[in-house]
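K.L.:
Below you will find the structure I want to go over with you.
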Amino acid sequence: MSAKLGGTTSLPGAGPPRAAAVRSSPRLIPVGGGKGGVGKTFLVTNLATCLARMGYRVVAVDGDLEGANLHTCVGIQQPRVSLADYVAHREEDIAKLLLDTPIRNLRIIAATRGNLATPQPGHGRRVQLMRDLQRLDADIVLLDLGAGTHPAVMDYFMVGEEGIVVIAPEPTSVENAYSFIRAAFYRRLRLAMASHDVRRVITMAMDERNERGIRTPLDLMKEIQALDSAEGRRFVDTMRAFRPRLLINEVRSADDVKLGFSIRSVCRRYFGIEAEYLGYVNHDDRVRRSVRDRRPLVDLDPSCDAAVYIGRMARKLAARTQAPPSDRGGARR
Ligand SMILES: Nc1ncnc2c1ncn2[C@@H]1O[C@H](COP(=O)(O)OP(=O)(O)OP(=O)(O)O)[C@@H](O)[C@H]1O
Ligand SMILES: [Mg+2]
């Protein structure tokens with residue numbers, strides 16, 4: 001594995017972005033979580049809509065080639081092109097996959113009609129995809145990931161250091177979120193380390209029943225510091241830079257709200273990882289109606305609690321986006 005995916009603007013071999021002189025790369029925000037059905041697509045749709053309404057030029061990318069449905073949530077019935085065309089090399093220009101939506105400033109890349117035999121692109125193609133997404137003419141690119149910890153999902157999640165982990169307040173989802181964070185961190189580490197021996201120890205640690213008894217990233221850190229002090233320092237740097245954001249969805253009680261804080265402290269105590277609690281969204285039956293109506297909830301019912309909370313998180317995300325929304329003068333969607 002030669003290419004690294006960490007960081008948003010420094011893919012090795014990527015070279016300067018084509019239009020670097022005139023604009024900066026969009027911010028890439030991956031949204032994952034390990035478990036299926038926790039609300040990733042719903043949240044990407046609605047966060048993207050809020051950001052677009054704020055004037056950012058937003059692209060929402062459906063990264064779920066095996067369960068594409070982002071297009072439906074924004075009211076597109078039959079996408080004419082999709083990421084599957086890119087995976088199959090039928091289309092090399094990612095910008096040609098962009099589809100307008102009924103929401104001004106929001107475009108999507110759908111993921112329909114994937115090849116069932118080989119739905120996921122190989123590693124090289126994934127690196128190319130991330131590089132191409134960074135060249136899109138947009139301010140923010142949100143990536144809706146599939147469930148699980150497939151290497152493709154982890155690669156997409158690592159494209160930015162501020163990926164969002166969506167968690168439902170139920171033990172299975174919490175368990176999967178920990179596995180997801182751990183998998184993302186170990187994969188990031190393995191790519192960041194230069195020494196072959198250290199990478200071998202990380203690969204070993206990825207097996208929870210490894211013979212050295214390395215159970216947590218903190219155990220692993222001590223092991224690596226003893227093995228190679230320069231790599232130990234790199235480990236700590238990688239650990240500090242990795243700041244997943246936790247989002248609890250379908251909250252029904254005060255205890256559910258607190259879950260975000262307890263997961264954050266477990267991450268700190270056992271993983272040595274500083275996660276951020278981005279916020280929560282309550283359970284609301286209107287969410288299902290919005291999906292049925294193929295309209296984002298923040299559009300359908302902007303004053304309901306869930307929509308208000310999503311708006312708050314969108315503003316938090318926007319606060320970190322350097323480029324202010326430019327004046328589009330209504331010229332483009
Ligand atoms: N806050 C919420 N309140 C009520 N229902 C919700 C909420 N969030 C999501 N849902 C419902 O949960 C279901 C799953 O949501 P969604 O498709 O966004 O999950 P997902 O994580 O993208 O799933 P997958 O992993 O299969 O892609 C949908 O029917 C959606 O309407
Ligand atoms: Mg989904």
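K.L.:
Once you have the alpha carbon radius of gyration of the stretch 77-123, what is it after dividing by 2.2 N^0.38 Å, with N set to its residue count?
P.N.:
Against the empirical 2.2 N^0.38 Å value, I get 1.20 for the stretch 77-123.
K.L.:
Let me ask another. From the backbone phi of the stretch 212-226, what are the Karplus-calculated ³J(HN,Hα) couplings (6.51 cos²θ - 1.76 cosθ + 1.60, θ = phi - 60°) in whole Hz, Gly and Pro given as x?
P.N.:
Values per residue, Gly and Pro as x: 7, x, 7, 9, 10, x, 5, 4, 5, 4, 4, 4, 6, 4, 6 Hz.
K.L.:
Using the Kirkwood radius over Cα pairs, work out the Stokes-Einstein diffusion coefficient for the stretch 161-278 at 37 °C and 0.692 mPa s, in µm²/s as a whole number.
P.N.:
Roughly 222 µm²/s, to the nearest whole number.
K.L.:
Could you pull out every residue, at least 5 positions away or on a different chain, whose amide H is within less than 5 Å of the one on ARG27? Hs are placed 1.01 Å off N in the peptide plane, and Pro or chain starts have none.
P.N.:
So ARG27 has HN proximity to ILE140, VAL141.
K.L.:
Ordered by packing density, taken as the mean number of other Cβ atoms within 10 Å over each peptide's residues, highest first, how do 51-61, 169-179 rank?
P.N.:
Descending packing order for the listed peptides: 51-61, 169-179.
K.L.:
Could you tell me the number of lysine pairs in the chain with C-alpha atoms less than 29 Å from each other, where the two lysines are 8 or more residues apart or belong to different chains?
P.N.:
Lysine pairs, 8 or more places apart or on different chains, close enough: 11.
K.L.:
In nm², what is the average projected area of the convex hull enclosing the Cα atoms of the stretch 131-230?
P.N.:
For the stretch 131-230, the mean projected area of the Cα convex hull comes to 8.2 nm².
K.L.:
³J(HN,Hα) across the stretch 255-266 via Karplus (A = 6.51, B = -1.76, C = 1.60, θ = phi - 60°), whole Hz, x for Gly/Pro?
P.N.:
5, 4, 5, 5, 3, x, 5, 6, 5, 4, 6, 5
K.L.:
Add +1 for every Lys or Arg and -1 for every Asp or Glu among the other residues with Cβ under 13 Å from the Cβ of SER195, and state the total.
P.N.:
Local charge sum for SER195: +1.
K.L.:
Continuing with this model, one more query. For the chain, take the longest principal axis of its alpha carbons; what is the angle in degrees between that and the long axis of helix 196-205, to the nearest 10 within 0 to 90?
P.N.:
Result, in degrees: 70.
K.L.:
Would you calculate a helix-derived [θ] at 222 nm for the chain, using -39,500 (n - 2.57) for each DSSP H run of n ≥ 4 and dividing by the full residue count, to the nearest 500?
P.N.:
Dividing the helical sum by the residues of the chain leaves -12500 deg cm²/dmol.
K.L.:
Under a 5 Å amide H to amide H cut-off, with H placed in plane at 1.01 Å, what residues pair with VAL281 once short-range neighbours are removed?
P.N.:
Amide H to amide H, under 5 Å and 5 or more residues apart or across chains, VAL281 pairs with ILE248, ASN249, GLU250, VAL251.
K.L.:
By what distance, in whole Å, do the Cα atoms of the chain stretch along each of the three principal axes, largest value first?
P.N.:
On the principal axes, the chain reaches 58, 48, 41 Å in Cα extent.
Here, each number is a calculation from the coordinates, and none is a lab measurement. These figures come from a predicted structure and were not determined experimentally. For neighbour counting, all protein chains shown are included, and Cβ atoms are generated from backbone atoms with ideal geometry for every residue, glycine included.
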